[in-house]
Amino acid sequence: MIPLMTVVRSWLAIILFAAAGLAVAQGNLEIDTPAIGALKQSMQQRHAQLAPLYDSGVIGLAADGNITLRDASGLPLAQRGPVNALVAAENADRAALYREIARANGHPEWEADVRATFAERWIDRAPAGWWVQRGGGWGRK
């Protein structure tokens, strides 16, 4: 029969090992590299153009970590092309940001996890009134 303390120590070791693995798997989402800094700057500069579109509900924060043209009915036809270009540029930078953060952490395979975490963060930090996608549906925050 195995002594109880041996069993307790074994389970404790397993729990500590698993917890250490979880901490490592979370990575550093605030990591900064020149590439990440450039992407953040590009996104920050674009935000002034996107903010009124968020406010009006034309675009929204999608559950997949992208932004999307949610309701183009409020846009004149002549503005739809430029807005689509803004959305595409923002989504390209977001995809690159997720990839670079995973790569900078030494785990490119974490890209999907980084994307999912950022998707939650974008939605959680969105101002009241912006459209967000949760559980497959759209609603105002």
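The values are calculated or read from the model by the stated rules, or taken from the named source; none is laboratory data. Keep in mind it's a predicted model, so treat the numbers as computed, not measured. With ideal geometry, Cβ positions are generated from the backbone for all residues, glycine too; neighbour counts draw on all protein chains shown. Just so you know, the surface numbers come from the protein's heavy atoms only, side chains and all, with ligands and any DNA or RNA stripped out. Shrake-Rupley method; radii C 1.70, N 1.55, O 1.52, S 1.80 Å.
Do we find that Arg94 is under 11 Å from the mean Cα position of the chain (by Cα), open to solvent by less than 20 Å² (accessible area, probe 1.4 Å) and modelled with pLDDT of 95 or more in this structure? Taking the combined requirement at face value, the residue satisfies it. Those residues that are part of a helix (DSSP H, G or I) and buried (at least 17 other Cβ atoms within 10 Å of the Cβ), I need them from region 67-85; list them, please. Listed by number, the list holds a single entry, Val83.
Of everything in region 122-141 that's within 15 Å of the chain's Cα centre (by Cα) and at pLDDT 95 or above, which residue is most open to solvent (accessible area, probe 1.4 Å)? Among those that are within 15 Å of the chain's Cα centre (by Cα) and at pLDDT 95 or above, it is Arg125.
Just one of the listed residues (Ala119, Ala88, Ala112) is open to solvent by 40 Å² or more (accessible area, probe 1.4 Å), closer than 10 Å to Asn66 by Cα, assigned to a helix (DSSP H, G or I) and of a type outside the set (Lys, Arg), namely Ala88.
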